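*Asks:* The structure under discussion is supplied below as structure tokens; questions concerning it will follow.
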Amino acid sequence: MYHRSIGCCLLFVAVVLVPLLASAPVQAAATVTEPFASYYARYHGPRTLGAINSEVVDVGGVAMQYFEKGRLEDHRWQTDDPLQQVAYSRLTLELIQSAPEQAIDGLPVTYGSLQARMNEQMPPPVGFTGGTMALDDGVFVPFDANLGITPGYIVPWYFWNFINRAHLFPAGWLHAAGLPLGNAFSVLISGNGTGEQIMIQAFERTVLIYRPGAEWPVQRANIGTDMLWAQGQLPLVQSPDAALMNPPAMSGPRRIEVSLGRQWLAIYQGDQLVFDAPVSTGKDGFNTPPGRYAIYHKLTSQHMRGNQGGETWDIPGVPWVMYYQDDVAIHGVYWHQRFGTGERLSHGCVGLAPNDAGTVYEWAPIGTPVIVY
């Protein structure tokens, strides 16, 4: 176990319920205007926000726009910080208060049911001094805007690592998700005669859903769509223009950075962050060596065998292998999911979830520098 604290001051603004949009159905077409267009394109809007659900609307002098997975607010009048100028609304809190009977993304659970879960806080762990605290099963987050020493909730690692991906949420987890509104809980959903167990956790600005085995296991629920339905509106399901569907092209030399302390990998083009993801590196006795290297060999899949330090391993089908120093590689790992937790589980390599490894593999040609520190 290790400890990680995040110091942050955040003014806790009381929730202001957004009035109903016009009583007529939303028009059949909409556009994404600035600053939302740049934010959508730069920070992977198809995954983080989904389709357009409304035109830009003015609420109390603040421009807002609904998307499937949330509502964006234009805060350029409030700050010069480009990362803070677009904010996710505290839409989950609004739905709990204004639409308690509304189902969450069509699932057999309502927003009103989240109210009781907010009362299931746990006391701060022993040794907690504020900020956040890493535990075996996740990260303790106090229910306090200033992250003080108060009761709170556990955010499982799969949710915590998702909301801390800077290439998706550049201003950080408080800005993108907000404080958790309860602990994660399981829901059984059925379809085609089969059942599927999923995990759900509500936050001020989003509801996260974890589906083990899915291509992208963690998704943001469609709370923007839910709010429009709750208001009696007809949401659009419109894809943005093609120019907004992919991040803008970047220029400059490519590099990969691996932080052994954070257990995190980031890829850059020039000074721009392209992608980041949690990793698990070499355990004691097999420590991943720090230094400056370069990818010299790539394999889409490899059967890895070894016998060293009294340990033997024989693992078929290791995906997306990128060797950068002797027999040390960046590669996908399908036999555990303990990435970014502080647990170092490999025999020296840098292990990623398979989808994350595939993203790095496609982006990084032979010769790409790898900086491990």
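The values are calculated or read from the model by the stated rules, or taken from the named source; none is laboratory data. Computed from a prediction, not measured in an experiment: that's the story for all the values here. With ideal geometry, Cβ positions are generated from the backbone for all residues, glycine too; neighbour counts draw on all protein chains shown.
*Asks:* Restricting to region 44-85, count the residues that are crowded, with 21+ Cβ neighbours inside 10 Å and touching a His at 6+ places or on another chain (Cβ under 7 Å).
*Replies:* Residues in region 44-85 being crowded, with 21+ Cβ neighbours inside 10 Å and touching a His at 6+ places or on another chain (Cβ under 7 Å): 0 in total.
*Asks:* State yes or no: is ARG205 more than 21 Å from the chain's Cα centre (by Cα), modelled with pLDDT of 95 or more and not hydroxyl-bearing (Ser, Thr, Tyr)?
*Replies:* It is false that ARG205 is more than 21 Å from the chain's Cα centre (by Cα), modelled with pLDDT of 95 or more and not hydroxyl-bearing (Ser, Thr, Tyr).
*Asks:* Would you point out which residue out of VAL370, VAL328 is over 18 Å from TRP157 (Cα atoms) and touching a Ser or Thr at 6+ places or on another chain (Cβ under 8 Å)?
*Replies:* The unique qualifying residue is VAL328.
*Asks:* A further question follows. Tally time: how many residues in region 320-373 are under 23 Å from the mean Cα position of the chain (by Cα) and of a type in the set (S, T, N, Q)?
*Replies:* Qualifying residue count, region 320-373: 4.
*Asks:* I've got another one for you. Given the conditions (1) at pLDDT below 95; (2) more than 23 Å from the chain's Cα centre (by Cα), which single one is not true for ALA294?
*Replies:* (1)
Every residue, every condition in (1) closer than 25 Å to ALA249 by Cα; (2) not aliphatic (A, V, I, L, M), yes or no:
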residue: THR31; (1), (2): yes, yes
residue: ALA41; (1), (2): yes, no
residue: LEU49; (1), (2): yes, no
residue: MET64; (1), (2): no, no
residue: HIS75; (1), (2): no, yes
residue: GLN85; (1), (2): yes, yes
residue: GLU94; (1), (2): no, yes
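*Asks:* Looking at the structure I just gave you, is LEU107 touching a residue at least 40 places away in the same chain (Cβ under 8 Å), in a loop (DSSP other than H, G, I, E, B) and either among the aliphatic types (A, V, I, L, M) or not assigned by TED's automatic domain parsing to the domain that holds GLN337 (or both)?
*Replies:* Answer is yes for this residue.
*Asks:* How many residues are surrounded by 24 or more Cβ atoms within 10 Å (Cβ to Cβ) and farther than 20 Å from PHE339 by Cα if we restrict to region 144-175?
*Replies:* Qualifying residue count for the region: 2.
*Asks:* Which one of the conditions (1) of a type outside the set (A, V, I, L, M); (2) out of contact with any Leu (no Cβ under 9 Å at 6 or more places or on another chain); (3) closer than 28 Å to THR368 by Cβ; (4) loosely packed, with under 14 Cβ neighbours inside 10 Å does ASP241 fail to meet, given that it meets all the rest?
*Replies:* (3)
*Asks:* Residues to consider are TRP313, TRP264; find the one that is buried (at least 16 other Cβ atoms within 10 Å of the Cβ) and outside the structural domain of ALA41 (by TED's automatic domain parsing).
*Replies:* TRP264
*Asks:* Just the residues that are in contact (Cβ under 8 Å) with a residue 60 or more places away in the chain, surrounded by 15 or more Cβ atoms within 10 Å (Cβ to Cβ) and hydrophobic (A, V, I, L, M, F, W, C), please, taken from region 199-224.
*Replies:* Residues satisfying the conditions are ILE200, ALA202, PHE203, VAL207, ILE209, VAL218, ALA221, ILE223.
*Asks:* Right, here's the next one. Assuming ASN246 fulfils every condition listed in (1) in contact with a His (Cβ under 9 Å, 6 or more places away or on another chain); (2) modelled with pLDDT of 95 or more apart from one, which condition is it?
*Replies:* So ASN246 meets the others, but not (2).
*Asks:* All but one of (1) within 20 Å of GLU311 (Cα to Cα); (2) of a type outside the set (D, E, K, R); (3) at pLDDT 95 or above hold for GLN325, so report the exception by its number.
*Replies:* Here GLN325 clears every test but (1).
*Asks:* Also, I was wondering about something else. Run down THR150, THR132, THR194 and say which single residue is of a type outside the set (Asp, Glu) and within 30 Å of PHE275 (Cβ to Cβ).
*Replies:* It is THR132.
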